[in-house]
Amino acid sequence: MTFTLMIILTFAALGCERGDLREIEGGDRPPTVPSDTVVDGPSGPGQTAGNSQQVALLLAGHWQGDLLTEFIDDFGVTHQNTCTTDLRMSLSADGASGGKGKETDYIDGKQVFMMSFDWHVDAEGRLHLLFADRHMTSVTLAVDATRLVCRLMSSDTMETDDLSLHRVGE
């Protein structure tokens, strides 16, 4: 089943070391995910409100993995970073299509960033993560019971983030 999902998400510009940033639009493919995966993209069909609850249930949980980011600073200089991230998303109630979450980023095991957010999956199948200072939108997203892989772009197109996460808990 294919869904169009968009993520609105915030990440701080981190002083991480450079990682191998994967270019999805350039023809490279994101990491392989199982065939029963919910996958989005800009050309995928929308989804119904009922499916938004199903996707939200699938996304709710504790995720960990790699965050690869590229951003342009206030002086127009491009920076590329890599960190480990911990994402926790909980539903606000049974049958809800969203809830609360927290992102924590680490470099060499040391916490470098933490921020809470609200999230929901809308009737068109877009996943929104709303932080206090800014937002990002998914370009691609693949998620199943064990794996979450996505590319995010900031609304001002000054930042691109690639997430490759695995579920570590509910």
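The values are calculated or read from the model by the stated rules, or taken from the named source; none is laboratory data. Please read these numbers as outputs of a predicted model, since none were measured by experiment. Note that each Cβ is placed from the backbone with ideal geometry, even for glycine, and that neighbours are counted across all protein chains shown. All accessible areas refer to the heavy atoms of the entire protein, side chains included, with ligands and DNA or RNA removed. Shrake-Rupley method; radii C 1.70, N 1.55, O 1.52, S 1.80 Å.
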| task | Give the residues of segment 67-82 that are surrounded by 16 or more Cβ atoms within 10 Å (Cβ to Cβ) and in contact with a Gly (Cβ under 8 Å, 6 or more places away or on another chain), sorted by residue number. | result | LEU68, ASN81, THR82
| said: Restricting to segment 93-117, count the residues that are more than 20 Å from ASP66 (Cβ to Cβ) and surrounded by 15 or more Cβ atoms within 10 Å (Cβ to Cβ). | reply: 4
| remark: The number of residues in segment 93-107 that are touching an Asp or Glu at 6+ places or on another chain (Cβ under 9 Å) and not basic (Lys, Arg) is 9
| With respect to LEU141, is the statement that it is under 13 Å from the mean Cα position of the chain (by Cα) and either under 12 Å from LEU59 (Cβ atoms) or among the aromatic types (Phe, Trp, Tyr) (or both) true? | yes
| said: I'd like to check which strands (runs of 3 or more DSSP E) are fully inside segment 60-118 and have at least 3 residues that are of a type in the set (S, T, N, Q) and within 18 Å of CYS150 (Cβ to Cβ). | reply: 78-91
| query | Among the residues of segment 144-169, which ones are under 11 Å from TRP63 (Cβ atoms) and not β-branched (Val, Ile, Thr)? | reply | ARG147, LEU148, CYS150, LEU163, SER164, LEU165, HIS166, ARG167, GLY169
| field | For HIS120: the one exception among (1) out of contact with any His (no Cβ under 9 Å at 6 or more places or on another chain); (2) of a type outside the set (Phe, Trp, Tyr); (3) open to solvent by 10 Å² or more (accessible area, probe 1.4 Å) | value | (1)
| Do we have GLN53 as modelled with pLDDT of 50 or more and either part of a strand (DSSP E or B) or in contact with a Lys or Arg (Cβ under 9 Å, 6 or more places away or on another chain) (or both) here? | no
| request: Kindly indicate whether any position in segment 127-147 is aromatic (Phe, Trp, Tyr) and part of a loop (DSSP other than H, G, I, E, B). | output: yes
| said: If ASP133 satisfies all but one of (1) out of contact with any strand residue (DSSP E or B) (no Cβ under 6 Å at 6 or more places or on another chain); (2) touching a residue at least 24 places away in the same chain (Cβ under 8 Å); (3) more than 27 Å from GLN80 (Cβ to Cβ), what's the number of the condition it fails? | reply: (3)
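To keep it simple, each residue is scored yes or no on (1) in contact with a helix residue (DSSP H, G or I) (Cβ under 9 Å, 6 or more places away or on another chain); (2) more than 22 Å from MET153 (Cβ to Cβ); (3) among the charged types (D, E, K, R).
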residue	(1), (2), (3)
LEU68	no, no, no
GLY76	no, no, no
GLN80	no, no, no
LEU87	no, no, no
ALA96	yes, yes, no
LYS100	no, yes, yes
GLU103	no, no, yes
VAL112	no, no, no
HIS120	yes, no, no
